[in-house]
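What follows is a set of notes on a single structure, which appears directly below.
The values are calculated or read from the model by the stated rules, or taken from the named source; none is laboratory data. All values derive from a computational prediction rather than experimental measurement. Neighbour counts are summed over all protein chains in view; Cβ atoms, including those assigned to glycine, are modelled from backbone coordinates with ideal geometry.
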Ligand code: PNS
């Protein structure tokens, strides 16, 4: 049945990701969920936290492994002897970028196939960015993410962006109330997805 890789930032994992992981795990003997470590990106969660939340959310899937990687995805796929990269497509807007990535990856490593899976309709609007935005404004994310993410995300946002209270004697980086909407959006979307 072979090995497939489902790569992403997973900052944090959403129910849309989980849907792809569950369906992908039924198609392949071994599914590796691979978290990108990109030093240029300002993630909300550390690599370890993203891995932990993915492990907790996929405990019921016995052929799923959670790992992290840096560098080129196809090189990682070759090291792991994976023949397939799984990508979720939510909407037509995802297609152009994903098409380019699939072509580049094919050029770099012709033996690795990209397999696109349509996201379940009920998650077509969902992204990690949307989840972070809702949580930043204290909205309810319970139906959008696994329970472990709901448990941590509010505290994490508070620690990162501050609420006027310093954590462990440090000054908070930002006071949310001091920012206008554009600045808030910039903060949320800064290098994260
Ligand atoms: O969840 P994301 O942020 O959309 O995931 C993007 C990811 C990790 C799939 C993509 O950025 C990636 O493959 N990065 C590794 C570098 C690489 O191989 N890029 C393609 C050639 S330019």
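For segment 135-145, the criterion of being surrounded by fewer than 16 Cβ atoms within 10 Å (Cβ to Cβ), closer than 23 Å to residue 51 by Cβ and more than 16 Å from the ligand (Cβ to nearest atom) is met by at least one residue. Each residue in segment 46-57 was checked for being crowded, with 24+ Cβ neighbours inside 10 Å and within 13 Å of the ligand (Cβ to nearest atom), and 2 of them qualify. When segment 71-92 is filtered for residues that are out of contact with any strand residue (DSSP E or B) (no Cβ under 6 Å at 6 or more places or on another chain) and within 8 Å of the ligand (Cβ to nearest atom), the ones remaining, listed by number, are 71, 72, 74, 75. Every condition in (1) within 13 Å of the ligand (Cβ to nearest atom); (2) over 24 Å from residue 143 (Cβ atoms) is met by residue 31 except one, and the failing one is (1). Take the residues of segment 93-108 that are within 14 Å of residue 75 (Cα to Cα) and either at pLDDT below 95 or out of contact with any strand residue (DSSP E or B) (no Cβ under 8 Å at 6 or more places or on another chain) (or both): which is nearest to the ligand (Cβ to nearest atom)? Going through the qualifying residues, I end up with 104. Report yes if residue 66 is within 15 Å of the chain's Cα centre (by Cα) and within 12 Å of the ligand (Cβ to nearest atom), otherwise no. Here the answer is no, as residue 66 does not meet what is asked.
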